[in-house]
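**Q** I'd like to ask some things about the structure below.
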Amino acid sequence: EPLFHIPETQIRHTQRVEHHQGQGTISAQDRDMYHIPGSPEITDKAIFRYIRSNERLNTLLPQLIEKGLEDDDRSVRHAAAQMIQYAPENAQDILKQKLAGFIEKGLDDDYSGIRYIAVQLIQYAPEDTRADLIEKGLEDDDLNVRYIAVPMIQYAPEDTRAGFIEKGLEDDEYSVRRAAAEMIQYAPEDAQDILKQILAGFIEKGLEDDDS
């Protein structure tokens, strides 16, 4: 399982209920979908109330997420980014593009703590923006930012992962190199042997340096 993985679940999108002569009707199949085993028989009124509530939520949720992404509190921004996966599918792409802009802005911040938080959000950004954002994180001056950027490699497009892992293996800091070694499993299979050879070379060089 990938590090930092959050299941891609969706809020149920209710189907429109057919109306007959101004009155809503619930089919037996739909009624079974809403019924909880062991509970009393659900009424049409309760089903319609659930549908209306769900439709309101699907309308309001993208607005709440966008507002959260703009919040000054980084924990609120992080929570909002996590919530994008629960938004209606037709709103997710727009929200992810906005998130990518916030991440890029965060990575340019002078405060390393902001950059650290920004890097953690890369996994929620559109896939076609992740490579540039990860590269920026791996090149950061701050050790902690580079370290937290390494696990994001697993979310990069597959054809870019090997290069990022090699970059991590070449880092001056041991913690970054070790984190990069753990990412080899996410590289394409034909690149894993080469990366393992590179890793072995660094280990051998480290042992030689210790002996000298």
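**Q** Given the conditions (1) open to solvent by 10 Å² or more (accessible area, probe 1.4 Å); (2) assigned to a helix (DSSP H, G or I); (3) farther than 30 Å from I165 by Cβ; (4) out of contact with any Phe, Trp or Tyr (no Cβ under 8 Å at 6 or more places or on another chain), report the number of the one that L61 does not fulfil.
**A** Every listed condition holds for L61 apart from (4).
**Q** Among A162, A149, A131, which is the only one that is of a type in the set (A, V, I, L, M, F, W, C), over 21 Å from D109 (Cβ atoms) and open to solvent by less than 70 Å² (accessible area, probe 1.4 Å)? Break it down stepwise before answering.
**A** Numbers: A149 fails: over 21 Å from D109 (Cβ atoms); A131 fails: over 21 Å from D109 (Cβ atoms).
None of the other options fit; the residue is A162.
**Q** Looking for something in a loop (DSSP other than H, G, I, E, B), at pLDDT 90 or above and either open to solvent by 60 Å² or more (accessible area, probe 1.4 Å) or within 18 Å of L69 (Cα to Cα) (or both) - is there at least one such residue anywhere in region 92-107?
**A** No, region 92-107 contains no residue that is in a loop (DSSP other than H, G, I, E, B), at pLDDT 90 or above and either open to solvent by 60 Å² or more (accessible area, probe 1.4 Å) or within 18 Å of L69 (Cα to Cα) (or both).
**Q** Among (1) at pLDDT below 95; (2) farther than 28 Å from D73 by Cα, which single condition is L121 missing?
**A** The one condition L121 does not meet is (2).
**Q** Hey, another quick one. Specify the residue that is modelled with the lowest pLDDT; the eligible residues are those in region 64-74 that are open to solvent by 70 Å² or more (accessible area, probe 1.4 Å) and in a helix (DSSP H, G or I).
**A** Only one residue fits best here, namely R74.
**Q** Next question. May I ask you to list the residues in region 151-174 that are hydrophobic (A, V, I, L, M, F, W, C) and over 14 Å from the mean Cα position of the chain (by Cα)?
**A** Within region 151-174, A162, F164, I165, L169 meet the criteria.
The values are calculated or read from the model by the stated rules, or taken from the named source; none is laboratory data. Small disclaimer: the values here were computed from a predicted structure and weren't measured. Counting neighbours? That spans all protein chains shown, and the Cβs are built from the backbone with ideal geometry, glycine included. Side chains included, ligands, DNA and RNA excluded: accessible areas come from the protein's heavy atoms. Shrake-Rupley method; radii C 1.70, N 1.55, O 1.52, S 1.80 Å.
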